[in-house]
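Q: Here it is: the structure, laid out below.
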Amino acid sequence: MNGRIGMVVNPHAGRGERAVADVVRRVLERVPATDLVLLGGTIEASIAADLGLPHTTIAGSGTPCRAPVAATQLLDAGAEILIGIGGDGTLCDIATALVFGGSTACLLGIGVGSANVGPLITMPGAWADRLELGDLRPSPVHGIEARVAGAAIGTAFNDVAFSNSFFGTRDGRRIDLDAAAALDGVDRPILPASVCGRDAWISKNGRRLVSGERDAVAQIIASPINEPASFAGKAISGLMCWGPYVGNHGILAAASTVMIRTQLGAEDVAHAEPLRLTHISFGADDEIGIGGLCAGAVVVLDGNPTRRLDEHGVVNLRLRTDAVRVLRLESGRPDSLPPAGERKGEV
């Protein structure tokens, strides 16, 4: 891959600034510095200067910008490749900037966050010294756009969750954080709890398919499915076993227990059983509606608390096929690269 390269870094992701800085340093040593454009006042600009790398610096705020702002500024400066270093939430922010800006730039995601399980992440930070841009090729990724009152609030590439909590890392430990408090700038832990009551409902193309009064609904999650063929013939995967045949790349699950939590043991599973999942599949021409949630429910996009809902709030979801292009190894992941489920929190 050729083109001007920009970089967006979340210095507070995962294990913190020191570990992130080490990954940034190793990545900068692997990219063509003559094509590098960075935002001033950021950790990546400081490290590039320490390394003596030639690069272009554009005006920044003097402090690290939130990822969507930084990504937009770099795109405006002509970046054709964005390297994102952070967790799923950071990569989602960068990709959303690409979507909202109508950009055709490619995204290279390097995971150093709390989970690192989404499709935007090409490799974990531990593998940064193996980075070779020439071995990477563009690959399209689907997303799910969320709208409130007709206005887009963001796009998720791993999942849209309706929750009171989200994942974070504090002192090297993954914990559940208060999603509503985070929107007010407050950082505090919370126990995951349901935001779905008897009034909750889910519709597809205007037809209500799920009712909190009739169905067991404790949590609602929607995800784009980027590899539907992997579900072919596996009936235990529910409706997604039809995915390869009907072309639907979106799936919504209404679960009878809260599934998104950092701590899950055998006792939790035993308490939740029998787990009941109601699945709804959808394609690019479909619209999913979700409403009747408890006041204070938060729309969480790829781990980012994005919008607090009132009791009358309605969220509409639409599948966006090929929403962004990410850079992946042409032959897939290296043979020695551990599966995503084994990389959580790895830096």
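The values are calculated or read from the model by the stated rules, or taken from the named source; none is laboratory data. None of the values given here were measured: they were computed from a predicted structure. Backbone-built Cβ (ideal geometry, glycine too); neighbour counts: all protein chains shown.
Q: Collect the residues in the range 282-323 that are more than 30 Å from Asn10 (Cα to Cα), in contact with a Phe, Trp or Tyr (Cβ under 7 Å, 6 or more places away or on another chain) and not hydrophobic (A, V, I, L, M, F, W, C), keeping them in residue-number order.
A: Listed by number, the residues that qualify are Gly291, Gly292.
Q: Among the helices (runs of 4 or more DSSP H) lying completely within the range 1-102, list those that include at least 2 residues that are touching a residue at least 24 places away in the same chain (Cβ under 8 Å) and under 24 Å from Pro138 (Cβ atoms).
A: 17-28, 67-76, 88-101
Q: Shifting gears a bit: Are any residues in the range 230-247 outside any loop (DSSP other than H, G, I, E, B) and within 23 Å of Glu273 (Cα to Cα), and if so, which ones?
A: Those that are outside any loop (DSSP other than H, G, I, E, B) and within 23 Å of Glu273 (Cα to Cα): Ala235, Ile236, Ser237, Gly238, Leu239, Met240, Cys241.
Q: If I ask for residues that are farther than 30 Å from Pro140 by Cβ and either of a type in the set (Lys, Arg) or in a loop (DSSP other than H, G, I, E, B) (or both), which ones from the range 208-229 would you list?
A: Arg208, Gly212, Glu213, Arg214, Asp215, Ala216, Val217, Ala218
Q: Condition first: of a type in the set (S, T, N, Q), touching a residue at least 12 places away in the same chain (Cβ under 8 Å) and not in a loop (DSSP other than H, G, I, E, B). Can you find one or more residues in the range 103-119 that meet it?
A: Taking the range 103-119 and keeping what is of a type in the set (S, T, N, Q), we get 103-104, 114, 116.
When the remaining residues are screened for being touching a residue at least 12 places away in the same chain (Cβ under 8 Å), the result is 103-104, 114, 116.
Pick out the ones that are also not in a loop (DSSP other than H, G, I, E, B) and you get none.
No, that holds for no residue.
Q: To continue, here is another question. Hey, could you check the range 25-49 for residues that are touching a helix residue (DSSP H, G or I) at 6+ places or on another chain (Cβ under 8 Å) and of a type outside the set (A, V, I, L, M) and say which is farthest from Leu131 (Cα to Cα)? Even if it seems obvious, please write down each step before you answer.
A: To start, the set of residues in the range 25-49 that are touching a helix residue (DSSP H, G or I) at 6+ places or on another chain (Cβ under 8 Å) comprises 25-33, 36-39, 42-44, 47-48.
Within this subset, residues satisfying the condition of being of a type outside the set (A, V, I, L, M) are 25-26, 29-30, 32, 42, 44.
Working: Arg25: 12, Arg26: 9, Glu29: 10, Arg30: 6, Pro32: 12, Thr42: 22, Glu44: 17 Å.
Of everything passing the filter in the range 25-49, Thr42 is farthest from Leu131 (Cα to Cα).
Q: I'd like to check something: does the range 284-300 contain any residue that is among the aliphatic types (A, V, I, L, M), out of contact with any strand residue (DSSP E or B) (no Cβ under 7 Å at 6 or more places or on another chain) and in a loop (DSSP other than H, G, I, E, B)? I'd like the intermediate steps shown before the answer.
A: Initially, the range 284-300 is screened for residues among the aliphatic types (A, V, I, L, M), giving 284, 288, 290, 293, 295, 297-300.
Retained after the next criterion (residues that are out of contact with any strand residue (DSSP E or B) (no Cβ under 7 Å at 6 or more places or on another chain)): 295.
Narrowing further to those that are in a loop (DSSP other than H, G, I, E, B): 295.
Yes, some residue in the range 284-300 is among the aliphatic types (A, V, I, L, M), out of contact with any strand residue (DSSP E or B) (no Cβ under 7 Å at 6 or more places or on another chain) and in a loop (DSSP other than H, G, I, E, B).
Q: What residue, of Arg198, Arg174, is in the same structural domain as Gly283 (by TED's automatic domain parsing), loosely packed, with under 15 Cβ neighbours inside 10 Å and either at pLDDT below 95 or in a strand (DSSP E or B) (or both)?
A: Values: Arg174 fails: loosely packed, with under 15 Cβ neighbours inside 10 Å.
Step by step, each of Arg198, Arg174 is checked, and only Arg198 is in the same structural domain as Gly283 (by TED's automatic domain parsing), loosely packed, with under 15 Cβ neighbours inside 10 Å and either at pLDDT below 95 or in a strand (DSSP E or B) (or both).
Q: Also, quick follow-up: Cβ-Cβ under 7 Å, sequence separation 6+ or interchain: first residue in the range 192-217 and of a type in the set (Asp, Glu), partner in a loop (DSSP other than H, G, I, E, B). Which pairs?
A: Listed pairs, sorted by first residue: Asp199/Gly212; Asp199/Gly292; Glu213/Arg198.
Q: Of the residues that make up the range 98-105, is at least one within 30 Å of Gly292 (Cα to Cα) and either assigned by TED's automatic domain parsing to the domain that holds Leu36 or touching a Gly at 6+ places or on another chain (Cβ under 9 Å) (or both)? Spell out the reasoning first.
A: Step one: of the range 98-105, the residues within 30 Å of Gly292 (Cα to Cα) are 99-100.
Filter once more, keeping what is either assigned by TED's automatic domain parsing to the domain that holds Leu36 or touching a Gly at 6+ places or on another chain (Cβ under 9 Å) (or both): 99-100.
Taking every residue of the range 98-105 in turn, at least one turns out to be within 30 Å of Gly292 (Cα to Cα) and either assigned by TED's automatic domain parsing to the domain that holds Leu36 or touching a Gly at 6+ places or on another chain (Cβ under 9 Å) (or both).
Q: Can you tell me which condition Gly247 does not meet? The list is (1) of a type in the set (Gly, Ala, Ser); (2) surrounded by 15 or more Cβ atoms within 10 Å (Cβ to Cβ); (3) on the phi > 0 side of the Ramachandran plot, and all the others hold.
A: Among (1) of a type in the set (Gly, Ala, Ser); (2) surrounded by 15 or more Cβ atoms within 10 Å (Cβ to Cβ); (3) on the phi > 0 side of the Ramachandran plot, Gly247 violates only (2).
Q: Out of the residues in the range 217-231 that are more than 15 Å from Phe162 (Cα to Cα) and not charged (D, E, K, R), which is surrounded by the fewest Cβ atoms within 10 Å (Cβ to Cβ)?
A: Here the residue is Ala229.
Q: While we're here: Go through the range 280-306 and give me each residue that's free of Cβ contacts under 8 Å to residues at least 60 places away in the same chain and surrounded by 15 or more Cβ atoms within 10 Å (Cβ to Cβ).
A: Scanning the range 280-306 gives a single hit, Ser281.
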